[in-house]
Amino acid sequence: MSGRADRRNHVLMLQMAAMAVTMATAEVVSFLCSAEQSFWIPLTAFCVSLYIDTPLTALRRTVNRILGSIYGVIIAGLVCLAFPEQEAMLVFLVVFAGLTLWSRVFFKFYYFFVAFMTATVIMLISILMIHTPLTPDYLITERLIFTAGGAFISLAASAVIMPSLERLDMLRTYRHYLTRFYLEYRASLNRLSGTGPEEGAAVIQGVFRSARDYSEKLPLWSYALLFNRFVYRSFVRFLHRIHKMRIMNAAVASSIDSVSLPEAEGRTAELLAENRRMTKKVLLSLMLLDRERAQGYLRKLSAVNEELSETEEFRDNRMATVVIAIRDIELDLSHLTNGTLQLYLAWKNSSGHELR
């Protein structure tokens with residue numbers, strides 16, 4: 001627990017240092033610029049630097065800030081040029097201010113908020129400078145240049161000072177979902193021996209809540225792998241595949257409950273126990289990024305499942321759905337073992353065995 005607290009304190013100190021360097025640099029650059037709107041440099045740098053904990057966060061906020069500013073200055077600039085009357089500007093000021101508050105609902109689309117906030121600020125400045133010629137160069141060009149400058153100052157400072165944690169975070173996410181699948185899978189198969197809990201509905205709800213959690217992280221990973229789209233798509237496929245495996249596991253549990261299967265006995269019980277052991281070993285090997293060992297255990301798992309397909313319970317359809325789902329999960333494990341993500345993580349985490 002103290003290790004986590006120390007890590008948080010370390011990140012906080014780095015955040016403070018990054019913010020200090022960012023603001024100092026932005027203020028100096030703004031002071032050296034003679035343009036009237038150079039105040040956008042420190043303002044943008046401050047907004048981008050808020051809540052940054054890795055260089056990736058800075059990159060994401062920089063991209064969103066620039067996109068939002070482009071949209072905002074175009075919208076507000078066109079409005080100012082088309083409706084130069086003060087009354088019209090006041091109306092649009094109220095409209096854009098309301099849209100700024102509304103856009104806060106969309107957490108994933110930060111550029112929505114930036115666009116409407118930019119439009120609001122430009123309308124306010126235009127009203128205050130109603131007697132000044134409002135040219136497109138003044139309203140649009142300077143705003144974009146200084147916004148991009150402030151954002152890049154923040155990005156550069158965070159890239160130098162903030163730690164890059166995405167590599168370990170991806171590995172933790174990978175291991176987390178493999179672990180969740182195994183715990184649910186073990187509980188489902190234990191029902192055949194009369195020891196598993198009957199919580200099918202709760203398990204399914206947990207699966208879908210977990211899917212929403214990882215879906216919310218996908219935009220972050222999209223920036224983490226901005227220059228490696230092939231690996232990003234592999235990571236997305238992994239998350240979707242593990243979600244599908246957990247759904248298949250819920251189907252196994254539901255089948256066991258619905259047909260009221262008797263407790264597995266004899267060779268069938270031994271095979272199911274061996275299936276659990278081999279599945280666990282495959283998953284542990286994947287977590288340790290040991291692909292060759294996972295392939296070895298996967299071959300043993302395939303032999304166990306092949307024998308399960310020849311049991312009397314399967315032939316008389318009492319366990320047909322369960323065995324078919326188990327074989328499908330085996331196929332998914334094979335795809336994970338031989339997939340690009342496993343190779344990528346093993347390459348990026350050459351000391352993966354030390355990260356347990």
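The values are calculated or read from the model by the stated rules, or taken from the named source; none is laboratory data. Fair warning: this is a prediction, and the values are worked out from it, not measured in the lab. All Cβ positions, glycine included, derive from the backbone under ideal geometry; neighbour counts span all protein chains shown. Please note that ligands, DNA and RNA were not included when accessible areas were found on the heavy atoms of the full protein model with its side chains. Shrake-Rupley method; radii C 1.70, N 1.55, O 1.52, S 1.80 Å.
Cβ-Cβ distances below 7 Å connect the following pairs, each with a first residue in the stretch 265-285 that is farther than 22 Å from Asn317 by Cβ, a second residue that is at pLDDT 90 or above and surrounded by fewer than 17 Cβ atoms within 10 Å (Cβ to Cβ), and a separation of six or more residues or different chains: Met278/Lys300; Ser285/Arg293.
For the stretch 288-303, which residues satisfy the criterion of being in contact with a Leu (Cβ under 9 Å, 6 or more places away or on another chain) and either acidic (Asp, Glu) or crowded, with 21+ Cβ neighbours inside 10 Å (or both)? Across the stretch 288-303, the qualifying residues are Leu289, Asp290, Ala294, Tyr297, Leu298, Leu301. If you filter the stretch 177-204 down to residues that are at pLDDT 85 or above and hydrophobic (A, V, I, L, M, F, W, C), you find that the one that is surrounded by the most Cβ atoms within 10 Å (Cβ to Cβ) is Phe181. For the stretch 304-338, residues that are open to solvent by less than 20 Å² (accessible area, probe 1.4 Å) and under 19 Å from Arg180 (Cβ atoms) total 7. In this structure, is Ala264 open to solvent by less than 50 Å² (accessible area, probe 1.4 Å), in a helix (DSSP H, G or I), modelled with pLDDT under 80 and closer than 30 Å to Ala320 by Cβ? So Ala264 fails the test.
Applying a threshold of 6 Å to beta carbon distances and a minimum spacing of six or more residues, or different chains, the list of pairs starting in the stretch 225-250 at a residue that is under 12 Å from Gly339 (Cβ atoms) and ending at one that is among the charged types (D, E, K, R) reads Arg241/Asp332. Looking only at residues in the stretch 81-96 that are open to solvent by less than 60 Å² (accessible area, probe 1.4 Å) and not aromatic (Phe, Trp, Tyr), the one that is farthest from Val121 (Cα to Cα) is Ala88.
On the basis of being among the β-branched types (Val, Ile, Thr), closer than 30 Å to Val28 by Cα and modelled with pLDDT of 75 or more, does Ile52 make the cut? Judged against the criteria, Ile52 is not a match.
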